[in-house]
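The values are calculated or read from the model by the stated rules, or taken from the named source; none is laboratory data. These figures come from a predicted structure and were not determined experimentally. Cβ placement follows ideal geometry from the backbone for every residue including glycine, while neighbour counts extend to all protein chains displayed.
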Amino acid sequence: MNKTVIAGFAALIMGLGAISFAGPGNAAPGPSHVAGQIMVKFRDGAAAAGVLSRHGLGDGPGIGSTGARLIRVPAGKELQLVDALSRNPNVEYAEPDEVVTVADTDYFPRQYALQNTGQAIYNTADKLVMDEGTPDADVDAVEAWGTTKGADIKVAVLDTGVTTDNSDISEKVVARANFSDSAPPAGVDLVDYYGHGTHVAGIIAAADDGSGVSGVCPGCSILDGKVLNNQGSGSSSAIAKGISWAVDNGAKVINMSLGQRVSSRTLENAVNDAWNKGVVIVAAAGNAGTQAKIYPGAYPNVIAVAATDNRNVKASFSTYGKWVDLAAPGVSVYSTFPKHPFALGGTNGRSEGYDIASGTSMASPIAAGVAALVWSISPAGTGNASVRAKVESSADEKINGTGTYWANGLVNACDAVGCVRPQP
């Protein structure tokens, strides 16, 4: 087998929930909830101010369309106040605001996930190498482009932001909003100082213009919802706000390459509201290498995506189980990065502009891009349930692990849009 060493690097595993970037499943969990705030939903007609004042608390702002409110509390008293408020008959629920973290020249020939014609990049012994791979390890995106490239379907990327200095993806962004606790320096508008969101957005919709990389849905546009800060973490309430914003701004697909270990009723309400308003929601399954559920991926109205490599084998780090819906390439996926210093570049040796990353964070946007392609050819009146069903039923169920590691198979763009494959 012919192998050519391209460059040396430290292997990158994108962490989810409490998983660190040093490797899957080997880190001690950090704080599970955000200090100084909780989420409370009052029953209809309840006097919120009166309930809160008994505990020395004031009212707070609403959280998107969920009906819950973000209440400031003394740091260290979050769980105590959640318990007290939960016992009040005027309170529908009270819960902590859980910590959420990221799940992580023409370069097109390196994009085995889109079209694998005999060579593909992958990681071994801390080297970036080329090998023959498995031709069927791609998702047949190039074949699908003969039918559709996306027709300006809006895909929301709820992540660390999308950089403004890499035109391969920045020009595809049609709206931006920041729900994180990070802001760019005064007078600077680069948005993504972590790098994860830019990489995810490029996988979905990077321009197909003969340079840089191409997204799965190059005709799509991006709604950039910055819900994670410049260190790659955020909160349940920020994600919920981002989901509501995406729905209000016309998203047909929402991608969330992020996760938390504990379920949140506020987050699930935001997901269900988006689903009920006709949006397809896709999320990473996680990088723990176990069957443990993470959220929002594990919610019923979300397509949870596991990661495979260029040999159609489950990535060693990928979370799996019958609750996971699909698989998609997630090892050494080439995509866009900021063209300025960013955190993943400093900690993992990622190059500015373009480079690889691995994780279910990379698999999720591939599936999201396929869902967007299906939306673009769907007749008027088609619902999100039909689009989701098409994406899942057209997956390649022949790959090893279907029915055990994931419910359906490897997502397939060509079959999802009904394209005609060229004859050999």
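Across region 310-332, which residue is farthest from the chain's Cα centre (by Cα) among those that are at pLDDT below 90 and buried (at least 23 other Cβ atoms within 10 Å of the Cβ)?
N310
Among the candidates A238, A205, which residue alone is crowded, with 24+ Cβ neighbours inside 10 Å and touching a Phe, Trp or Tyr at 6+ places or on another chain (Cβ under 6 Å)?
Of A238, A205, the one residue that is crowded, with 24+ Cβ neighbours inside 10 Å and touching a Phe, Trp or Tyr at 6+ places or on another chain (Cβ under 6 Å) is A238.
Name the residues in region 356-391 that are on the phi > 0 side of the Ramachandran plot and either surrounded by 24 or more Cβ atoms within 10 Å (Cβ to Cβ) or among the β-branched types (V, I, T) (or both), would you?
Scanning region 356-391 gives a single hit, G359.
For G67, work out the one condition from (1) assigned to a loop (DSSP other than H, G, I, E, B); (2) in contact with a His (Cβ under 7 Å, 6 or more places away or on another chain) it doesn't fulfil.
(2)
Any idea which of (1) in contact with a strand residue (DSSP E or B) (Cβ under 9 Å, 6 or more places away or on another chain); (2) modelled with pLDDT under 95 is the one V279 doesn't satisfy?
Status for V279: all satisfied but (2).
Per-residue answers, yes or no, for (1) crowded, with 17+ Cβ neighbours inside 10 Å; (2) assigned by TED's automatic domain parsing to the domain that holds I203; (3) within 20 Å of the chain's Cα centre (by Cα); (4) at pLDDT 95 or above:
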{"site": "P109", "(1), (2), (3), (4)": "no, yes, no, no"}
{"site": "N123", "(1), (2), (3), (4)": "yes, yes, no, no"}
{"site": "G133", "(1), (2), (3), (4)": "yes, yes, no, no"}
{"site": "A141", "(1), (2), (3), (4)": "yes, yes, yes, no"}
{"site": "A144", "(1), (2), (3), (4)": "yes, yes, no, no"}
{"site": "K154", "(1), (2), (3), (4)": "yes, yes, yes, yes"}
{"site": "L158", "(1), (2), (3), (4)": "yes, yes, yes, yes"}
{"site": "G161", "(1), (2), (3), (4)": "yes, yes, yes, yes"}
{"site": "V174", "(1), (2), (3), (4)": "no, yes, yes, yes"}
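Out of (1) buried (at least 17 other Cβ atoms within 10 Å of the Cβ); (2) part of a loop (DSSP other than H, G, I, E, B); (3) modelled with pLDDT of 65 or more, the odd one out for Q115 is which?
Status for Q115: all satisfied but (3).
Anything in region 241-251 that is over 23 Å from R69 (Cβ atoms) and either surrounded by 24 or more Cβ atoms within 10 Å (Cβ to Cβ) or outside the structural domain of V387 (by TED's automatic domain parsing) (or both)? List them, or say none.
A251
How do the pairs read when you match residues in region 291-311 that are more than 15 Å from A407 (Cα to Cα) and among the basic types (K, R) with residues anywhere that are part of a loop (DSSP other than H, G, I, E, B) and modelled with pLDDT under 95, using Cβ under 8 Å and keeping only pairs 6 or more apart or on different chains?
R311/G133; R311/T134
Could you grab the pairs with beta carbons closer than 6 Å, sequence gap of 6+ or different chains, first residue in region 390-407 and closer than 17 Å to A284 by Cα, second one hydroxyl-bearing (S, T, Y) and modelled with pLDDT of 95 or more?
Pairs that qualify, where the first residue is closer than 17 Å to A284 by Cα and the partner is hydroxyl-bearing (S, T, Y) and modelled with pLDDT of 95 or more, are Y405/Y320.
Give me the helices (runs of 4 or more DSSP H) completely within region 347-424, filtered to those with at least 1 residues that are at pLDDT 90 or above and touching a His at 6+ places or on another chain (Cβ under 7 Å), ordered by residue number.
360-377
Could you tell me which numbered condition A177 fails, if it satisfies all but one of (1) assigned to a helix (DSSP H, G or I); (2) within 20 Å of P338 (Cβ to Cβ)?
Tallying (1) assigned to a helix (DSSP H, G or I); (2) within 20 Å of P338 (Cβ to Cβ), A177 fails exactly one: (1).
Could we say that K293 is assigned by TED's automatic domain parsing to the domain that holds V155, farther than 22 Å from I203 by Cβ and basic (K, R) here?
It is true that K293 is assigned by TED's automatic domain parsing to the domain that holds V155, farther than 22 Å from I203 by Cβ and basic (K, R).
Scan region 387-402 residue by residue and report those that are closer than 15 Å to D140 by Cβ and touching a strand residue (DSSP E or B) at 6+ places or on another chain (Cβ under 6 Å).
A395, D396, I399
When region 208-235 is examined, which residues are found to be small (G, A, S), under 24 Å from A307 (Cβ atoms) and touching a Phe, Trp or Tyr at 6+ places or on another chain (Cβ under 9 Å)?
Passing the criteria: G212, S214, G225, G232, G234.
May I ask you to list the residues in region 263-314 that are under 19 Å from L410 (Cβ atoms) and assigned to a strand (DSSP E or B)?
Scanning region 263-314 gives V280, V282, A283, A284, I303, A304, V305, A306, A307, T308, K314.
Among the residues of region 208-246, write down those that are among the aliphatic types (A, V, I, L, M) and over 16 Å from the mean Cα position of the chain (by Cα).
Hit for region 208-246 is V213, nothing else.
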